[in-house]
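Everything below concerns the one structure shown next.
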Amino acid sequence: MTARAAVDNRRSVWSWIIYDLANTIFALGVIGFYFPEWLISLDQPDSLLASVIAIAGLIVVFVAPWAGARSDAKGTRIPTLVVTTLVAVVATGLLGINVPTSVIFLGVALVAVNIGSVVYDALLIDVSTDANRGLISGRGVGVGYFGSYLGVLIGVVTLDLLGWGYPATFRALALGFLVFALPAFFFIKEHHGHTEEPMPKLIDVPRRIVTSWKLAARYPSMVRFLIGRFFYTDAINTLIGGFLTLFVVQELGWDRQSVTGLLVAAITAAILGGLFAGRFVDRYGPKRVLRWVLVVWIVAFGTGIVAASVDQPWIGWTIGPLGGLALGATWASDRVVMTRISPPRFIGEFYGLYATVGRFATIIGPIVWAIIVDVLDLGRSVAMGALAGFVFVGWWLLRTVDDRVRAWGDIDLPVVTGDSGAPPK
């Protein structure tokens, strides 16, 4: 590799990593903290946030495989990343006007961010190799969670120091999202060309979903992994999608300063989880690390339930470090599993399914939470217990997923490298 090529490669890698930071400003700053807090300040029910997340997730379920397949067919993913990011930035900047319009704009932003994540995750194979994929994925997660610090800091400045209110806070978060996304627009170098597949049309979305799942069934462990991912992301995305804030405020009686402290602790742990998990992924394999991490998640949910049950709010402080550590490690290992079991030719389309199960889980999780809390009136501790049960199911399903390194042949049939060198049965 020439000196110029080495510089371009490093710039490409770090641009990809920094986009994770931009994405996290939105995910934690808007969804995880300030938007739910704004709804609480207006005395809005849990089911309102659950509804907008669920509707946005349903749209992503249908659109994500189509968007991924289009990026495969075109051979470029950056244009899709640019458009979806700009849509999300504009929609985020319009939050806080009033509740009805803000709910609509939040839904638009959620759809755009998640479609962008399909092509962003697929770009991992362009900025890494099999030997360092876990490391780079982990760095993306670890550095990305610095965006959470920025998201929280933006709110502290605009709300506490300047007193500008929530609308200005959302605009500041949108600007932060845009600034850190810009390097990815210009510096990521794509290396995989277009496929021979015809360009999918939006009208073919229902048929494309069926085709994508049939295609996934041809590859070892793909469907089982995606189903397992549905269960654990159901719990994780529900918790970080605003319901942790609702839980600690309503059940543990915390004020906003305490919630801010909890999020800072969780962010710090998530950074460490992402950075260290990346090295473990390359050494021990992504599936093994992911299953270890799911156990940590179950413990984290359990501590929250205990804190509320025995009326000891201080126990809730353990949720932040445990959940943060698990969160960083989950995304560092989870998307590397996908690269191991996906043929490069269809990686965009399969990341569409990957996003689909994540978003469909995001539909089910808030609905389950809302039913348990608002319809059955069983309380938020029972809702937390249900989420812990979902994580356990995901952990159990992953046990037979084969994540060994594959050498993909000309017709994209998998050949597993290892002692035997034989394809998996």
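Within the span defined as the stretch 28-40, every residue fails to be at pLDDT 90 or above, surrounded by 22 or more Cβ atoms within 10 Å (Cβ to Cβ) and part of a loop (DSSP other than H, G, I, E, B).
When the stretch 84-98 is filtered for residues that are over 17 Å from V179 (Cα atoms) and either of a type in the set (V, I, T) or surrounded by fewer than 17 Cβ atoms within 10 Å (Cβ to Cβ) (or both), the ones remaining, listed by number, are I97, N98. Among the residues of this structure, L58 counts as one that is within 30 Å of A216 (Cα to Cα) and surrounded by fewer than 24 Cβ atoms within 10 Å (Cβ to Cβ). Filtering S15, S51 for residues that are out of contact with any Cys (no Cβ under 7 Å at 6 or more places or on another chain), modelled with pLDDT of 80 or more, farther than 25 Å from R133 by Cα and assigned to a helix (DSSP H, G or I) leaves a single hit, S51. Looking across the stretch 160-172 at every residue that is in contact (Cβ under 8 Å) with a residue 24 or more places away in the chain and of a type outside the set (G, A, S), the one that is nearest to A27 (Cα to Cα) is identified as F170. Criterion applied to L353, L325 was being crowded, with 23+ Cβ neighbours inside 10 Å, without any contact (Cβ under 8 Å) to a residue 60 or more places away in the chain and touching a helix residue (DSSP H, G or I) at 6+ places or on another chain (Cβ under 8 Å), and the one residue passing it is L325. Taken over the stretch 42-93, the criterion of being among the hydroxyl-bearing types (S, T, Y) and in contact with an Asp or Glu (Cβ under 8 Å, 6 or more places away or on another chain) is satisfied by S47, T76. Of the numbered criteria (1) of a type in the set (D, E, K, R); (2) more than 27 Å from Y149 (Cα to Cα); (3) touching a Leu at 6+ places or on another chain (Cβ under 9 Å), the one R340 fails is (3).
For the stretch 286-322, the set of residues classified as polar (S, T, N, Q), farther than 18 Å from V391 by Cβ and assigned to a helix (DSSP H, G or I) consists of S309 only. Going through the stretch 64-93 one residue at a time, which ones are over 20 Å from L21 (Cβ atoms), touching a residue at least 40 places away in the same chain (Cβ under 8 Å) and of a type outside the set (F, W, Y)? Within the stretch 64-93, A64, P65, A67, G68, A69, R70, S71, D72, A73, K74, G75, T76 qualify. Consider D20 carefully, then state whether it is part of a helix (DSSP H, G or I), over 19 Å from the mean Cα position of the chain (by Cα), surrounded by 21 or more Cβ atoms within 10 Å (Cβ to Cβ) and not small (G, A, S). No.
For L239, the stated conditions do not hold, so it cannot be described as at pLDDT 85 or above, assigned to a helix (DSSP H, G or I), touching a Leu at 6+ places or on another chain (Cβ under 8 Å) and aliphatic (A, V, I, L, M).
Evaluated against (1) crowded, with 23+ Cβ neighbours inside 10 Å; (2) not in a helix (DSSP H, G or I); (3) not polar (S, T, N, Q), D377 falls short on exactly one condition, (1). Consider the stretch 356-366 and keep the residues that are over 13 Å from the mean Cα position of the chain (by Cα) and surrounded by fewer than 24 Cβ atoms within 10 Å (Cβ to Cβ). The one that is modelled with the lowest pLDDT is I363.
Quickly run through the stretch 62-83 and pick out the residues that are surrounded by fewer than 22 Cβ atoms within 10 Å (Cβ to Cβ) and not basic (K, R). Listed by number, the residues that qualify are F62, A73, G75, T76, I78, P79, T80, V82, V83.
The values are calculated or read from the model by the stated rules, or taken from the named source; none is laboratory data. Given the structure is predicted, the values throughout are model-derived calculations rather than measurements. Here the Cβ is made from the backbone with ideal geometry for all residues, glycine too, and neighbour counts use every protein chain on show.
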